[in-house]
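One structure below.
Read-outs: derived from the displayed coordinates by stated rules, not from any lab. Since the structure is predicted, the reported quantities are computational estimates derived from the model, not experimental observations. Positions of Cβ are backbone-derived with ideal geometry, glycine not excepted, and every protein chain shown enters the neighbour counts.
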Amino acid sequence: MTGWGSVFAQAGYLDSYDRYDEGTREAPFARLGINYLLNDNWSVKLDGAYAGGKKWTDNLPNRIFDFNVESEIRPETWPVSLFTRYEFTQISYHALDSDQYRYGENFHTVMVGLKFRSGTTLHEADRAPGSLDLPSLGKWVAFNANEVE
């Protein structure tokens, strides 16, 4: 944490299974980001993540890139803050018969919404224990399996 915001890093392990064995398995991931506070009640967050792993019983090399940008503003007298968020996710794998072809998809998500706040500024919320969220693991699993079963 700094006077202007915070820098964060996460590491973890994703191991998902579904009925048709399409999920990402044995995938360590790393995430790095920054939350920049323009003032006590306006922040801009950037973060990126990478996960490796395997796909299907063929153990095809699988990878996930995730990049997110979010701006959040909380008017002083409001119990909520307003946010807008853009997420880019690329999930792909190599076929075993060819190193030159990578199969997969790019996903773009835009969100606009409200976050309920308990009377704290965004600056104070950034300093609170447990303020760091997780990467979009559910999206990584659902997009990779092409469906939710």
Exercise for review: Return the distance in nm (one decimal) between the two label points of a simple spin-label model at residue 7 and residue 65, each offset 7 Å from Cα along Cα→Cβ.
Suggested key: 2.3 nm
Point to revise | In Hz, Karplus ³J(HN,Hα) per residue of region 37-50 (6.51, -1.76, 1.60; θ = phi - 60°; x = Gly, Pro) | key: 9, 6, 7, 4, 10, 8, 10, 10, 10, 10, 8, x, 9, 9
Review point. So what are the ³J(HN,Hα) numbers for region 86-94, from phi and the Karplus equation (6.51, -1.76, 1.60; θ = phi - 60°), rounded to whole Hz, Gly and Pro as x?
Key: 10, 10, 10, 10, 10, 10, 8, 8, 9
Study note, to complete from the structure: For residue 54, counting only lysines whose alpha-carbon sits under 18 Å away and dropping same-chain residues fewer than eight positions off, the answer is 139
Check your understanding: If you compute Cα Rg over 2.2 N^0.38 Å for the structure shown, which of [x] 1.02; [y] 1.21; [z] 1.09 do you land on?
Key -> [y]
Revision key, fill the gap. Per the helix-only model, the chain has a calculated mean residue ellipticity at 222 nm (DSSP H runs of ≥4, -39500 (n - 2.57) each, divided over all residues, rounded to the nearest 500) of -2500 deg cm²/dmol
Exercise for review: For residue 16, list long-range residues whose amide hydrogen, built 1.01 Å from N in the peptide plane, is under 5 Å from its own amide hydrogen.
Suggested key: 24, 25, 26
Study note, to complete from the structure: Expressed in nanometres to one decimal, the distance between label points 7 Å along Cα→Cβ at residue 139 and residue 105 is 1.3 nm
Practice item. Note the full-extension length gain between residue 18 and residue 56 as 0.36 nm times their separation in residues minus their Cα-Cα distance, in nm to one decimal. Key: 12.7 nm
